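Chemist: So that we are looking at the same thing, I have put the structure below in structure tokens.
Every read-out reported here was derived from the displayed coordinates using simple, explicitly stated rules and does not represent laboratory data. What you see is a predicted model, and the numbers here were worked out from it, not measured in a lab. Note that each Cβ is placed from the backbone with ideal geometry, even for glycine, and that neighbours are counted across all protein chains shown.
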Amino acid sequence: MRHDPDVLVVGGGVAGLFCALQLSRRGGSVAVLERGPVGGPQSSSYGNTGFVGTHGAGALAEPGMLALGLRGLADRQAAVVIRPRLGADMLRWLWQFRRACNDADARASLSVLVSLKQRSLIMLRELCDGDGPAGGGLAAAFAEPGMLVVFGTERAFGAAQRGVPDAVARGIPLRVLSAAELAELEPDAGFEVCGALYNEEGAFLRVPEPKVGKNRMHLDVAVGGGRDTTPRDVRWARIMAAVQRLTAAGATVIAEVGEADQPDHVLMADPEGNEFDVL
Ligand SMILES: Cc1cc2nc3c(=O)[nH]c(=O)nc-3n(C[C@H](O)[C@H](O)[C@H](O)COP(=O)(O)OP(=O)(O)OC[C@H]3O[C@@H](n4cnc5c(N)ncnc54)[C@H](O)[C@@H]3O)c2cc1C
């Protein structure tokens with residue numbers, strides 16, 4: 001490492017490495033300081049699913065998120081968990097996060113995040129098109145299929161559609177697809193669906209390493225009902241009915257997950273090996 005670089009980037013995750021690449025391409029001397037293996041499991045970038053696009057551009061801080069994050073402590077399946085601990089730093093962070101969880105801030109940050117994600121997509125496209133060592137080999141791993149979110153219940157589909165006009169107004173090219181339109185776009189979506197949201201602005205960069213665990217980004221099929229509000233036998237019967245339908249459509253059961261004598265959900269895989277939970 002040079003002892004007098006123009007820029008010292010601390011952290012060799014995707015953000016640090018991309019900054020370092022861009023700065024060095026502009027002629028600066030750059031050094032990256034990383035405490036672990038670059039791209040190793042200590043970094044968020046390790047878990048990255050390789051999607052870049054405007055899907056999911058919303059800010060994490062939105063109304064109700066603090067309560068959701070704290071409720072996540074009691075739910076092993078929760079997507080967001082906030083683990084409080086004692087200490088001034090944590091209290092300050094909780095206070096600031098709570099203040100940021102309001103409609104006005106969430107809407108304002110959405111526009112910024114959409115621009116950021118659109119710019120990231122352009123840069124990623126350029127990187128993968130490049131012939132140099134940075135771009136070489138990436139073209140084959142790069143694809144722009146967009147993002148399709150498929151709904152199995154009218155209730156979830158209806159709720160998702162309510163956000164579409166706002167998203168479109170903020171520059172996200174989101175389209176509502178009926179079940180028939182979905183079948184035309186994605187003939188493999190052969191199971192029972194009510195409809196889908198399709199965002200054509202999205203790319204995947206596949207990683208060459210072999211898969212060693214459950215997909216980090218996956219969509220679950222939630223049919224059982226709330227764990228706190230639905231009796232266990234009712235939940236389980238609904239889950240089993242969905243498992244049967246999905247198996248008939250070509251999915252396979254990997255495991256029933258939970259306590260040995262009382263499974264809570266079923267881990268399945270689609271014909272391409274992408275896992276999802278039925279819960
Ligand atoms: C499961 C999962 C799936 C995701 N999927 C997607 C996706 O599909 N698309 C998407 O856009 N985003 C996705 N994300 C989010 C995305 O991965 C992160 O936003 C991104 O990786 C953050 O990159 P980063 O470089 O800021 O942080 P990190 O990748 O966490 O890198 C920070 C690095 O800094 C190092 N470091 C920290 N402190 C020091 C120090 N004092 N000295 C030296 N080094 C230090 C750490 O070791 C680490 O390597 C996903 C995240 C997760 C967890």
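Chemist: Quick one: among 182, 60, 148, which has the greatest mean-square fluctuation in a GNM of the chain with alpha-carbon springs under 10 angstrom?
Modeler: Looking only at 182, 60, 148, the biggest GNM fluctuation is shown by 60.
Chemist: Also, I was wondering about something else. Whole-Å semi-axes of the stretch 1-79's equivalent ellipsoid, largest first, each the root of 5 times a Cα gyration tensor eigenvalue?
Modeler: Here the semi-axes work out to 34, 15, 12 Å.
Chemist: Counting other C-beta atoms within 10 Å, which of 51, 204, 151 has the fewest, and how do the rest follow?
Modeler: 51, 204, 151
Chemist: What number in nm² do you get for the chain if you take the convex hull of its Cα atoms and divide its surface by four?
Modeler: Taking the Cα atoms of the chain, their convex hull projects to 18.6 nm² on average.
Chemist: Let me know the shape class of the stretch 69-181, please: from the alpha-carbon gyration tensor, a ≥ b ≥ c as square roots of the eigenvalues, rounded when a/c is under 1.5, otherwise prolate if a/b is greater than b/c, or oblate.
Modeler: oblate
Chemist: Jot down the radius of gyration and Dmax of the stretch 138-279, Cα atoms only, both in angstrom.
Modeler: 16.9, 50
Chemist: Calculate how many DSSP beta bridges within the chain are antiparallel, expressed in % of all such bridges and rounded to the nearest 5.
Modeler: Rounded to the nearest five, the antiparallel share is 85 percent.
Chemist: Continuing with the same structure: Each residue of the stretch 24-38 in turn: what ³J(HN,Hα) in whole Hz from Karplus with 6.51, -1.76, 1.60 and θ = phi - 60°, glycine and Pro shown as x?
Modeler: 5, 5, 8, x, x, 8, 10, 10, 10, 10, 10, 7, x, x, 4
Chemist: So what J values fall out for the stretch 263-279 if you push phi through Karplus, 6.51 cos²θ - 1.76 cosθ + 1.60 with θ = phi - 60°, rounded to Hz, Gly and Pro as x?
Modeler: The phi angles translate into x, 10, 7, 10, 8, 10, 9, 7, x, 8, x, 7, 7, 7, 9, 9, 9 Hz.
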